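Below: one structure, written as structure tokens.
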Amino acid sequence: MGLGPVTVRPTVAQGVVCDTANVRDEAEPNTRALVLGGGGVAGIAWEIGLLARLATLGIDVAADADLVVGTSAGACVGALVAGESGYEALVAAQRIPPDQSKERLPEFDLNLMVEIFGLMATVQVGPAARRRIGELALGAVTVSESERRGIIASRLPNKEWPAKPLVITAVDAGTGDRITFDRSSGPTLVDAVAASCAVPGIWPPVTIGVRRYIDGGIYSVTNIDLVEGHHRTVVLCPVALGPGAPDTAQAENSAPGGGPLSIVADAGSLEAFGPNLLDPASRGPALEAGMRQADEVETVVRNYWT
């Protein structure tokens with residue numbers, strides 16, 4: 001039997017949620033996991049800024065983690081921080097002006113996106129809804145897979161799977177099932193990240209073998225269940241909306257005592273993201289917001305993680 005439904009949460013204003021409800025008694029002592037959620041290019045920059053700043057403060061969460069799980073934007077960040085790229089280079093890359101990078105602002109059908117996000121907003125997105133989202137994604141007009149793959153590849157200095165255990169999530173567009181990729185799965189790192197970042201209706205589903213895959217956030221924005229059993233888990237969630245998002249409805253100004261510690265974008269960070277999380281121009285402000293928020297949550301993270 002695990003712990004009862006006890007919740008200890010720092011203030012929502014700080015963007016921190018610590019929930020002990022899902023901690024298991026059999027969790028191995030001293031094992032730690034890092035879960036990186038979705039949130040567009042703004043979310044990528046915010047997560048990098050937050051992790052980089054925490055590292056300069058002596059809390060290198062990614063280096064300390066025994067497992068990294070990445071979904072959508074988090075898949076890209078996971079591939080970066082689980083590898084050997086230093087934070088200085090990662091931060092510098094987020095500051096490159098959009099017109100000097102391969103990033104592009106996507107065009108999309110507003111009516112199609114309303115239908116897709118309507119399906120995602122249901123209380124529990126089941127297989128039928130995910131299959132419908134996959135069907136819509138397969139029929140959407142987007143850039144080519146090769147162009148999108150080039151964008152993803154441009155984000156990854158190292159195209160090889162890192163030595164640190166890294167799990168990347170996606171959804172099979174045909175079946176609606178969640179799929180996980182790691183270094184033993186077969187797909188290249190670029191293909192796995194591209195699949196996890198394939199926002200339906202905006203970016204093309206990614207072909208791997210005979211299957212096509214869409215954004216892992218369609219199943220869960222965090223996929224935190226994949227790290228069940230770890231003694232400590234830090235979750236970064238730029239946008240706490242959708243399936244699997246941390247619950248920020250109830251908050252207490254308390255130090256965390258165990259279980260997953262979720263850091264979500266606070267009001268200032270959300271303002272920095274701007275109206276479109278996929279706009280490359282949001283990267284600079286989102287990066288700075290992540291660094292600023294790291295300073296605000298430093299004590300909470302240090303007490304929990306160490």
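Tallying residues that are touching a residue at least 60 places away in the same chain (Cβ under 8 Å), surrounded by 15 or more Cβ atoms within 10 Å (Cβ to Cβ) and out of contact with any Phe, Trp or Tyr (no Cβ under 9 Å at 6 or more places or on another chain) within segment 116-133 yields 3.
Exactly one residue out of SER196, SER185, SER154, SER144 is modelled with pLDDT under 95 and either among the polar types (S, T, N, Q) or closer than 22 Å to ALA93 by Cα (or both), and it is SER185. For ASP191, the stated conditions do not hold, so it cannot be described as open to solvent by 50 Å² or more (accessible area, probe 1.4 Å) and among the acidic types (Asp, Glu).
The values are calculated or read from the model by the stated rules, or taken from the named source; none is laboratory data. All figures in this text were calculated on a predicted structure; none of them were measured in a lab. Note that each Cβ is placed from the backbone with ideal geometry, even for glycine, and that neighbours are counted across all protein chains shown. When the accessible area is computed, the model is the full protein with side chains, heavy atoms only, and any ligands, DNA or RNA have been set aside. Shrake-Rupley method; radii C 1.70, N 1.55, O 1.52, S 1.80 Å.
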